[in-house]
Amino acid sequence: MNSLLPPMTATYCLANTGHPLLARRNRWQLPPLVCSVISHSQLTSNVAVNPGRSFPILVNGCTGKMGKAVAESALSAGLQLLPVSFSSVEKPGRNIKVGSTEIQIHGPSERESLLSSIIQENPDLIVVDYTVPDAVNANADLYCKLGVPFVMGTTGGDRYMLYKTVQDANVYAVISPQMGKQVVAFLAAMEIMADQFPGAFSGYSLEVMESHQANKLDTSGTAKAVISCFQKLGVNFDLNQIKQIRDPKKQVEMVGVPEEYLAGHAFHLYHLTSPDQTVSFEFQHNVCGRSIYAEGSIDAAIFLHEKVKSKAEKRIYDMIDVLREGNMR
């Protein structure tokens, strides 16, 4: 899907920054390995909606930017977006409009009774969860209690208990902290390389930079996963060496993040150098906005719906399973 677009690179923004990791980018004209993004309008203009895939979907967390993006993607894919979502506060105060659909936001005290009635009216319902980390386990408990298949895109919570709850309830679910299909594919490729060629980069030095929106206080989980692969490949690197960029001014001037995406982006740069400084490798993946995660979440929902229909023996899946299926839009 993304191969239709040219790679998105911040090369033109990096001149005279004084940052040694980013200054190297100016000497190379070849585009980096980048995870580009595609808008909903571009996607729907290139891909015909398959009416056979239409099914009811409830996006829990529409009050957040990610949840709303998933709801928009559900409509673009031709799914039956239900006009209901839940909030962690008792009196949400406002509804959300997604396209022509008015999403009614309900408080936590209404969750179980309302969701139960929705499932009775829509037995093939799929729930997609993009709420908050503190709600992960309570929401999963509810979905499992009611027996509704769900896609858990929310990160955090007690992941061991999450998997145990789903396993004990024997409910269908896709659980993944990273829903960007292309990013997941890149991580899978890195893991294969690390497993098959351990020590291939022994002695190499590694520099890592990651930039995310200012309100993301923790280190990128994707960066940690890639670094883990490099460590298996023989690179000596400590996580405290990661260069985290959270200052909007630096993100625009030094990293090259477009201003309109300061509130939602994920830029990663990994630079490897040989011990004698004569060989270098660089990997980069930049994401602007949330469409890559929203589209991946909808592909996961479609995948899960097919597994439920076919009464698949396996119940718990991740995005690698979705990628391997090969039926993504």
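Nothing in this text is a laboratory measurement; each read-out follows from the coordinates by a stated rule. Everything quoted here is computed from the prediction, not taken from an experiment. In this analysis, Cβ positions are derived from the backbone assuming ideal geometry, glycine residues included, and neighbour counts consider all displayed protein chains.
Which order, highest average first, do 292-298, 303-309, 213-219, 61-67 follow once you tally other Cβ atoms within 10 Å for each residue and take the mean per peptide?
By packing density, highest mean first, the sequence is 292-298, 61-67, 303-309, 213-219.
Checking the a/c ratio against 1.5 first, then a/b against b/c, what shape does the Cα gyration tensor give for segment 230-329?
Oblate, since a/c reaches 1.5 and b/c is not below a/b.
Name the residues whose placed amide hydrogens come within less than 5 Å of the amide hydrogen of residue 213, ignoring near sequence neighbours (fewer than 5 apart) on the same chain.
Residues meeting the criterion, in which the H sits 1.01 Å from N, are 265.
With r as the distance between the Cβ atoms of residue 65 and residue 228 and R0 = 25 Å, compute the FRET efficiency 1/(1 + (r/R0)^6) and round to 0.05.
Taking R0 as 25 Å, the efficiency between residue 228 and residue 65 is 0.30.
Around residue 64, what is the net charge, scoring Lys/Arg as +1 and Asp/Glu as -1 over all other residues with Cβ under 14 Å from its Cβ?
+2
Between residue 113 and residue 155, with labels modelled 7 Å along Cα→Cβ, what's the label distance in nm to one decimal, could you check?
About 3.7 nm, to one decimal.
Expected output is a single nm value to one decimal: the length gained when fully extending between residue 213 and residue 185, i.e. 0.36 nm times separation in residues minus the C-alpha distance. What is it?
7.8 nm
If we restrict to alpha carbons, what Rg and Dmax does segment 97-220 come to, in Å?
Taking only Cα atoms of segment 97-220, I get Rg and Dmax of 19.1, 61 Å.
Over every pair of different alpha-carbon atoms in segment 206-251, take the mean of 1/r and invert it; report that Kirkwood radius in Å.
One over the average 1/r among Cα pairs gives 11.3 Å for segment 206-251.
Determine ³J(HN,Hα), in whole Hz, for all residues of segment 196-212 in sequence, where each value follows from phi through the Karplus function 6.51 cos²θ - 1.76 cosθ + 1.60 and θ = phi - 60°; x replaces Gly and Pro.
With coefficients 6.51, -1.76 and 1.60, one gets 8, 10, x, x, 4, 10, 4, x, 6, 9, 10, 10, 10, 10, 9, 10, 9 Hz.
How high is the FRET efficiency between residue 141 and residue 263 when r is their beta carbon distance and R₀ equals 25 Å, given to the nearest 0.05?
Here the calculated transfer efficiency is 0.20.
If each of residue 202 and residue 320 carries a label point 7 Å out from its Cα toward its Cβ, how far apart are those two points in nm?
2.6
Can you give me the distance in nm between label points at residue 88 and residue 241, each placed 7 Å from the Cα along the Cα-to-Cβ direction?
That separation, rounded to one decimal, is 3.5 nm.
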